[in-house]
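The values are calculated or read from the model by the stated rules, or taken from the named source; none is laboratory data. These numbers come from a predicted model, not from an experiment. Ideal geometry is used to build each Cβ from the backbone, glycine not excepted, and the neighbour counts take in all protein chains shown. Please note that ligands, DNA and RNA were not included when accessible areas were found on the heavy atoms of the full protein model with its side chains. Shrake-Rupley method; radii C 1.70, N 1.55, O 1.52, S 1.80 Å.
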Amino acid sequence: MKGIVFTELLELVEEKFGLQMVDEIITASNLESNGVYTAVGTYSFAEMISLLTNLSERTQLSIDDLLLVYSQHFFKVLKDSYPGLLLSYTNPLDLLASIESHIHVEVRKIYPDAELPTFIVIEQKEKSLRMIYKSSRKMASFGLGLMQETFKHFDKGCEITMDKIKDDGSEVLFSITQK
């Protein structure tokens with residue numbers, strides 16, 4: 001997993017819960033990296049799970065809830081760091097439908113070894129989109145949060161449902177309706 005995901009998570013934890021919480025979850029996680037990350041480095045996904053698990057235990061927030069909060073933060077990072085990606089679109093559904101064909105292509109230019117989830121569009125209409133999320137990392141809640149932030153960016157309302165295709169969360173159907 002790319003280091004930017006770790007550096008931004010720790011920045012969010014510091015912002016929301018304080019530097020002491022960052023130290024606590026790093027210490028409790030017993031990380032191979034010792035919690036030292038660079039944005040362009042690559043680190044084990046197991047470290048992310050360990051950090052999130054320890055943060056969840058200390059905050060009493062579920063990992064899914066933490067991923068939703070984190071996605072709000074991460075969307076701002078993406079928006080500030082890569083504004084051209086968002087400027088290419090005039091509505092949120094078109095942006096979301098282009099995750100595989102445009103967004104992930106651009107991400108791979110910056111991070112060639114990035115392991116990204118797959119999004120398969122199965123139906124797109126003027127005001128709705130259905131797509132399947134596939135990832136062994138099972139972070140659909142992070143994707144949900146990024147989708148919600150996309151609609152906020154375009155100042156549009158939405159309803160998004162997630163239905164697990166596989167019980168373990170590695171495949172999820174997102175049904176998205178723009179209001």
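Nonpolar atom fraction for the chain, defined as the carbon and sulfur part of the 1.4 Å probe accessible area, stands at 51 percent. If you take all other residues with their beta carbon under 12 Å from the beta carbon of ILE120, and give Lys and Arg +1 and Asp and Glu -1, the sum is -1. Each principal axis of the Cα cloud of the range 100-179 was evaluated for its coordinate range; sorted largest first, these ranges are 37, 30, 20 Å.
Mean separation of Cα pairs under 8 Å and 6 or more residues apart, divided by the residue count, gives the chain a relative contact order of 19 percent. Summing +1 for each Lys or Arg and -1 for each Asp or Glu, what net charge is found among the other residues whose Cβ lies under 10 Å from the Cβ of GLY169? Once positives and negatives cancel, what remains is 0.
Fraction of C-alpha pairs exceeding 17 angstrom in the range 119-166: 36 percent, rounded to a whole number. Can you tell me the accessible area per residue over the chain, all protein chains present, probe 1.4 angstrom, in square angstrom? For the chain, the per-residue accessible area is 53 Å². Helical runs (DSSP H, four residues minimum) scored at -39500 (n - 2.57) apiece and divided by the length of the chain put the mean residue ellipticity at 222 nm at -16000 deg cm²/dmol. In a Gaussian network model over the chain where Cα atoms closer than 10 Å are linked, find which of PHE17, PHE75, PHE142 has the largest mean-square fluctuation. So, out of PHE17, PHE75, PHE142, the one fluctuating most is PHE17. Which pairs, out of LYS127/LYS152; LYS16/LYS156; LYS125/LYS156, put more than 21 Å between their alpha-carbon atoms? Beyond 21 Å: LYS16/LYS156. Taking Lys and Arg as +1 and Asp and Glu as -1, the other residues whose beta-carbon sits under 13 Å from that of LYS152 total +2. Springs join every pair of Cα atoms under 10 Å in this Gaussian network model of the chain, and among PHE119, PHE74, PHE45 the largest mean-square fluctuation is at PHE45. Between the listed residues MET139, ILE110, ILE122, the Cα displaced farthest toward the positive end of the dipole of the chain, a dipole computed from Cβ unit charges relative to the Cα centre, is found at ILE122. Scattering from the range 33-130 was approximated by placing one identical point on each alpha carbon and applying the Debye formula without solvent; log10 I(q)/I(0) at 0.11 1/Å stands at -0.45.
What GluC sites (Glu not before Pro) does the range 64-119 have in DSSP loop regions with at most 16 other beta carbons within 10 Å? Taking the range 64-119 and a limit of 16 other Cβ atoms within 10 Å, the loop GluC sites (Glu not before Pro) found are GLU115.
Taking Cα centre as origin and charging only the Cβ of basic (Lys, Arg, +1) and acidic (Asp, Glu, -1) residues, the dipole magnitude of the range 87-158 rounds to 200 debye.
Centre-to-centre, using Cα atoms only, the range 30-44 and the range 67-133 are separated by 25 Å. Overall shape: prolate for the chain, with the ratio a/c of the largest to smallest alpha carbon gyration tensor axis at 1.5 or above and a/b above b/c. Seen against the Cα atoms of the chain and their longest principal axis, helix 19-29 is set at about 80 degrees.
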